[in-house]
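Notes follow once the structure below has been shown.
The values are calculated or read from the model by the stated rules, or taken from the named source; none is laboratory data. Predicted model only: the values in this text are computed from it and were never measured. Positions of Cβ are generated from backbone atoms using ideal geometry, with glycine treated the same way; all protein chains shown enter the neighbour counts.
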Amino acid sequence: MPTTTAPDVNPALIHWAGPMGLPEFARIDDHDFAAAFAAALPAHLAEIDAIANDPAVPTFENTIVALELAGEMYGRVSGVFWNLSGANTNETLQELERELSPELSRHHSTVMMNAALFARIDALYQEAENLSLDSEAARVLELTWKSFVRSGAKLDPVNQNRLAEINERLASLGTAFAQNVLADERDYALVLETDDDLAGLPGFLISSMAAAAEERGHDGKHAVTLSRSIIEPFLTFSTRRDLREQAFRAWGARGEGPGERDNRPIVAETVKLRAEKAALLGYATFAHFKLDNTMAKTPEAVRNLLETVWEKARTRAAEEAEDLSALIAGEGHNHAVAPWDWRHYSEKQRAARFDLNEAEIKPYLQLERMIEAAFDTAGKLFGVSFRQHPDIEAYHPDVRVFEVLDADGERVAVFLADYFARPSKRSGAWMTSFQDQHKLAGDARDGEQIPIVVNVMNFAKAAAGTPVLITMDDARTLFHEFGHALHGMLSDVTYPSISGTSVSRDFVELPSQLYEHWLTVSDVLQRFAVHHETGEPMPAALLDKLRSAEKFNKGFANVEFTSSALVDMAFHALDTEQAAGIDPVAFQAEILAGLDMPDSIVMRHATPHFAHVFSGDGYSAGYYSYMWSGVLDADAFGAFTEAGDPFDAQTARKLHEHIYSSGGSMDPEDAYVAFRGKLPTADALLAKEGLA
């Protein structure tokens, strides 16, 4: 850790002296970040120059290890800033984010295009077989070399300059896109004034909507917000079709606000620049560039999987739509199934077919008990436990701090949990970290840095004094994100660059999606799904009905997802000529028309608010990865099924070693085969989704 700090830099951003190594958030002001970045960036470049210009012959230690450890001050400032920007932002942070995005992109380009530095890395890479590196070190060298090449290290100076310009502009566009979506979500509320406006709504939702209205200054009223934990149950239960349509249209129109809030021109420029970037780097399209270092490898492999699922999902959704049309007609209505009708009538259909409805399930799904369930499952599988420290302050009063202990009672991680929606938080759910695990800590580089991991969600708060009840989908989200968190917390690697979730995009969702399976294990639900009033466990009959209905409405769900993934791939499979001057909404409509997209279903993420793809390039040409990992997770849980025990100790040990703790130290295919013994086919996914 840096021992000195510039005079105008708040040391609390650099030297984390809080309990368990956390930052002292109370000592950090939003205005501190500008000076901290202004000091951290040149300090990082000075470290890079020292490595690049080292007169000694390049070695793994003086080049790769030195590079792994460079920029700690920068990393610490960034760790705090970007976590706050996503989970607790404000105008000050957003303004700085707009300023920093292009500057940090320039900084990254300066590092990755440093000719002297790359020459040292390249010399080591060419001699890799003669360096006597262990498998983990060899993997780090290979990934480092490839990362530099993919960042333009081999381009001539003119093309390097153009690539840096493109990256800088893309960074600004991604920031603007995300902030526009957040503004639309923050500013919208459908305020309900009368009892008639609440028709059909269950008590738990009315309570959450009252809390949302109060938070927005509408005391005594109820508000439909664009948080999924409110709008989805509202669309499910409200019998006011006019209000469902109004709320749904607002939900679908995010990112299409007037003037500067319109994300459509941002998408058009983003697609154009990404195509140009790929061409500069020698790839046919941006999709080819992004997929080159993934398990899928090629756009053709991705489309093959997506189209296989699409045809089956489209057929199933058509059958589901016929059932809903019959239900609508049976109620004496003559309207077609519209997108704002689907959730409402499918819930009625589920109730009729399986004698099951969300309102019956939700009293058993208390947020606190589901958190306990996720923790308990981790304990059974991996031998870890969680000790809450309510006295430790985090970056917001809602954030909970947990110490993560191994079987011997030793601290192995710190876990921050931020569960509730608020206007200062972007929508969705995610896992990230303040710092990652590695074994190069301390002056002697023989200490271990433990991870500080965060889960951020957007559950609706309940009224004061009442428990927070969540839906089954919310509970899956909680388990999903906790699976990501475990991937970070259980990491056991030497080098920072391959720690935790630093794996290929279509492998990173495996630990999270696999963890969802334990939510519906009988023992877990019977112990933790208890009624919030009586304390009685979920009845066996209700459990049976839940399992019977697991494949219900899967046509709809897979059409929603797969259409989004296919549109993402279509945008990024355009070459430079095709991507020039594109109209994003017209292009989306063209792709959906070619797919024969049902009128009654919309993409899960329409292009103007498709943050996975356009608020940064993390999931660009990569939204398919949830499905690719779905193939893996469906097969992976089969290992426990075959063992006859969802907590089989031997299988859990292999899962821990090869999937949750290995980070990017292995090729993902090798890691999966080490756990499972073979690679899967799509058959397990199709069976799981009821599409076989």
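Of the residues E311, E215, E245, E256, which is surrounded by fewer than 17 Cβ atoms within 10 Å (Cβ to Cβ), farther than 25 Å from V508 by Cβ and in contact with a helix residue (DSSP H, G or I) (Cβ under 6 Å, 6 or more places away or on another chain)?
Just one listed residue meets the conditions, E245.
Say we look at segment 182-201 and pick out the residues that are without any contact (Cβ under 8 Å) to a residue 40 or more places away in the chain and under 26 Å from the mean Cα position of the chain (by Cα); which of these is nearest to K362 (Cα to Cα)?
Filtering segment 182-201 for residues that are without any contact (Cβ under 8 Å) to a residue 40 or more places away in the chain and under 26 Å from the mean Cα position of the chain (by Cα), the one nearest to K362 (Cα to Cα) comes out as A189.
Does segment 319-326 include one or more residues that are outside the structural domain of T144 (by TED's automatic domain parsing), surrounded by fewer than 21 Cβ atoms within 10 Å (Cβ to Cβ) and within 29 Å of the chain's Cα centre (by Cα)?
No, segment 319-326 contains no residue that is outside the structural domain of T144 (by TED's automatic domain parsing), surrounded by fewer than 21 Cβ atoms within 10 Å (Cβ to Cβ) and within 29 Å of the chain's Cα centre (by Cα).
Which fully enclosed helices (runs of 4 or more DSSP H) of segment 1-114 have 2 or more residues being touching a residue at least 60 places away in the same chain (Cβ under 8 Å) and under 27 Å from K425 (Cα atoms)?
Because the criterion is at least 2 residues that are touching a residue at least 60 places away in the same chain (Cβ under 8 Å) and under 27 Å from K425 (Cα atoms), the helices (runs of 4 or more DSSP H) in segment 1-114 that meet it are 11-14, 33-52, 72-87, 91-112.
Looking at (1) under 19 Å from T520 (Cα atoms); (2) among the hydroxyl-bearing types (S, T, Y); (3) not in a helix (DSSP H, G or I), find the lone condition where S665 falls short.
Every condition holds for S665 apart from (1).
Which of (1) buried (at least 17 other Cβ atoms within 10 Å of the Cβ); (2) within 30 Å of R254 (Cβ to Cβ) does A373 not meet, given it meets every other one?
Result: A373 passes all but (2).
Please state which one of Q588, Q526 is assigned by TED's automatic domain parsing to the domain that holds D474, assigned to a helix (DSSP H, G or I) and of a type in the set (S, T, N, Q).
Answer to the selection: Q526.
Could you list, in sequence order, all residues of segment 566-587 that are surrounded by 23 or more Cβ atoms within 10 Å (Cβ to Cβ) and either at positive phi or out of contact with any Lys or Arg (no Cβ under 9 Å at 6 or more places or on another chain) (or both)?
Matches in segment 566-587: V567, D568.
Determine whether segment 221-236 contains at least one residue that is over 30 Å from A621 (Cα atoms), outside any helix (DSSP H, G or I) and in contact (Cβ under 8 Å) with a residue 60 or more places away in the chain.
No; the residues of segment 221-236 include none that is over 30 Å from A621 (Cα atoms), outside any helix (DSSP H, G or I) and in contact (Cβ under 8 Å) with a residue 60 or more places away in the chain.
Residue by residue, here is whether (1) of a type in the set (D, E); (2) modelled with pLDDT of 95 or more; (3) in contact with a helix residue (DSSP H, G or I) (Cβ under 6 Å, 6 or more places away or on another chain) holds:
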{"position": "D443", "(1), (2), (3)": "yes, no, no"}
{"position": "D446", "(1), (2), (3)": "yes, no, no"}
{"position": "N455", "(1), (2), (3)": "no, yes, yes"}
{"position": "A464", "(1), (2), (3)": "no, no, no"}
{"position": "A475", "(1), (2), (3)": "no, yes, yes"}
{"position": "F479", "(1), (2), (3)": "no, yes, yes"}
{"position": "F482", "(1), (2), (3)": "no, yes, yes"}
{"position": "A485", "(1), (2), (3)": "no, yes, no"}
{"position": "G488", "(1), (2), (3)": "no, yes, no"}
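Of all residues in segment 160-203, which are farther than 30 Å from K461 by Cα and loosely packed, with under 15 Cβ neighbours inside 10 Å?
Residue satisfying the conditions is N161 alone.
Restricting attention to segment 383-392, does a residue exist that is within 29 Å of the chain's Cα centre (by Cα) and either in a helix (DSSP H, G or I) or under 29 Å from L205 (Cβ atoms) (or both)?
Checking segment 383-392: at least one residue is within 29 Å of the chain's Cα centre (by Cα) and either in a helix (DSSP H, G or I) or under 29 Å from L205 (Cβ atoms) (or both).
Against the condition of a type in the set (A, V, I, L, M), outside any helix (DSSP H, G or I) and closer than 21 Å to R264 by Cα, how does A621 come out, does it pass?
yes
Name the pairs: first residue in segment 639-662 and on the phi < 0 side of the Ramachandran plot, second residue among the charged types (D, E, K, R), Cβ to Cβ under 7 Å, at least 6 apart or on different chains?
Close Cβ pairs satisfying both conditions: A639/R676; F640/D648; F647/K380; S661/D492.
Inspect all residues belonging to segment 170-191 and state whether any of them is over 27 Å from L273 (Cα atoms) and in a strand (DSSP E or B).
Yes, because at least one residue in segment 170-191 is over 27 Å from L273 (Cα atoms) and in a strand (DSSP E or B).
Within the group A317, A313, which residue is modelled with pLDDT of 95 or more, assigned to a helix (DSSP H, G or I), more than 17 Å from F571 (Cβ to Cβ) and touching a Pro at 6+ places or on another chain (Cβ under 7 Å)?
So the residue among A317, A313 that is modelled with pLDDT of 95 or more, assigned to a helix (DSSP H, G or I), more than 17 Å from F571 (Cβ to Cβ) and touching a Pro at 6+ places or on another chain (Cβ under 7 Å) is A317.
Out of F204, F289, which single residue is among the aromatic types (F, W, Y), over 24 Å from the mean Cα position of the chain (by Cα) and assigned to a helix (DSSP H, G or I)?
Within the list F204, F289, the selection yields F204.
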